[in-house]
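Beneath this line is the structure, given in structure tokens, with notes to follow.
Bear in mind that the values in this text are calculations on the coordinates, not laboratory data. Just so it is clear, the model here is predicted, and its values are computed rather than measured. We place every Cβ from the backbone using ideal geometry, glycine too, and count neighbours over all the protein chains shown.
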Amino acid sequence: MTGRQEDLLGRDMHRVVDKLHSERTHVTPYQEDYRRLLDNQGKMIRASMVLLFARAVDPTRRQAPEEVITGAAAIEMLHLATLVHDDVLDQADMRRNRPTVHTVRGNKAAIYLGDLILSRYMEIMAGIAPDTAFIREQAGTVCEIVGGELYQESGRHNTDITVEYYDRAIGGKTAALFRLACLTGTHLGAACADREGTARVQALEGVARTFGENLGMAFQIMDDIEDFDVAHDTGKPKLEDIRDGIYTLPVLLGLQEDPSFKDLLERDRPGEVLGYLQAHATLIGRSRQAADSYLDRAEGALEDPAMDPGVTGVLKDMVCLLHAHNRGGEGNRPDGGGFGGGKA
């Protein structure tokens, strides 16, 4: 059963990629830049969440309805828009082994291109929305994502922020989008199958919410750990967070344990921070444990009897691969925001 669902997912993902590839803008001077941004996909984990949770509603379908494919592409566009903006704010030169758009076109054009993709996401979702509650959820989650980014921005170079503050920031900027992807699939799948409001769909919404939030939290923590893994190429520069004054979980745990670590951070020498973390390996280890805990919670959510066994198997395989990577396995490395697809 799991193998069948994996095959169906693969076919539907090809349709999502084709949908993104066919997307165009009327803004002639930037058509090629727009095209390159949408074609520079990772493994598109968020789009796959849309497809899988739609399939959980109606697992007998041989292919996803067009509305679900469109919704999955739109969720990926929302993610890409946040990456374009992040790259400007972080002054990042590379994304997925390609030059970022602001290094080619400048900051203003990059911001507007990100806005253009975001606007198009909104337009697409408005066109396929089964009801106004769907639109409110999309809009509210975008506010949540921006709020998370603002929390992160407010905490730059602040050695007094806490792990709880960090959790709030990544819960907004990353976990909210994972949750939205899962819920978007559930809602579109229910609308297409004419099963809205049923007890089973309500149960699936709970699974989608819990699974998405916990997977997103784990994913961001793992991506933050990647920033200190200078031995492996993930398609973007290393030690960027420390250079930008963004203190992630390993650093915050270090500050909890050793107040003198604050003096080292304030010297603004990323290499010395890396050396400290390498000499205090338990900080990375405890951060990995935190990610594992979130992955366990995500997997636990899938035990709900409302879930289809085949879809559950695919999702559990994904969680298992993330567990393996988090514990030191090679391959399937997050590249910042997708299961290999963007910031976490």
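Any residue at all in region 44-59 that's surrounded by fewer than 19 Cβ atoms within 10 Å (Cβ to Cβ), in a helix (DSSP H, G or I) and more than 16 Å from the chain's Cα centre (by Cα)?
Checked against the condition, which is being surrounded by fewer than 19 Cβ atoms within 10 Å (Cβ to Cβ), in a helix (DSSP H, G or I) and more than 16 Å from the chain's Cα centre (by Cα), region 44-59 yields no hits at all.
Give me a count of the residues in region 13-33 that are touching a residue at least 60 places away in the same chain (Cβ under 8 Å) and either in a helix (DSSP H, G or I) or touching a Gly at 6+ places or on another chain (Cβ under 7 Å) (or both).
3
Residues being in contact with a helix residue (DSSP H, G or I) (Cβ under 7 Å, 6 or more places away or on another chain) and either basic (Lys, Arg) or surrounded by fewer than 16 Cβ atoms within 10 Å (Cβ to Cβ) (or both): count how many of those fall in region 305-316.
Total meeting the criteria: 1.
Residue check: is residue 228 closer than 25 Å to residue 148 by Cβ and part of a helix (DSSP H, G or I)?
No.
Filter region 66-110 down to residues that are polar (S, T, N, Q) and buried (at least 18 other Cβ atoms within 10 Å of the Cβ) and give me whichever is nearest to residue 34 (Cα to Cα).
By that ranking, first place goes to 100.
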